[in-house]
Amino acid sequence: MVERIVDIYFSRLNHHRPVFTRQEFEQTLDSLYKETAAHDPGFICSLYLILALGTLSELNNIIGKEGIEESSGSECIGLNHAAAMKFMPDWPEYDEFFDRALTVKPDLRVTISSLQALILLHWFLYIERQQRTLWRLVGSLVRLSIELGLHHDPTTQCQPTVDPK
């Protein structure tokens, strides 16, 4: 099921916000399952968010195809617990993956994988219409990008300095 949801994410969503290359992500995921990957909280957080986004996309797709009227009394996106359990009975709900991602978030480091996780978190919060939290996260994204040095022009970073003599 993980492979199916990851496939859904990469085939439907990643091209809108290309956070990972599919090949690199699947290689890291495979090494995680084989227990040969180094512990990377950024990747773990990203994995949970990709599973949340992919699950949400699949539920929306199924409900759209089935022509089921969405419940207006549930969350803003209209997917309630009963619908999720009917279509994906042995799979956690998307918000469970989101909650798991949030438990990993405090362990994020100053790495590209952490930046990727925050970008995915931004996307999820945008979908969930969490404006207040969303803007705080944008600040975190900018600060992390600066700490990683991504605000510098990469073409000037590797050029040797010329001696004026």
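The values are calculated or read from the model by the stated rules, or taken from the named source; none is laboratory data. Please read these numbers as outputs of a predicted model, since none were measured by experiment. With ligands, DNA and RNA removed, areas are computed over all heavy atoms of the protein, side chains included. Shrake-Rupley method; radii C 1.70, N 1.55, O 1.52, S 1.80 Å.
Here are some notes:
- Probe 1.4 Å - accessible area at THR155, Å² to nearest ten: 90 Å²
- ARG17 accessible area, 1.4 Å probe, all protein chains in place, Å² to nearest 10: 70 Å²
- TRP123 - accessible surface, heavy atoms, 1.4 Å probe, Å² rounded to 10: 20 Å²
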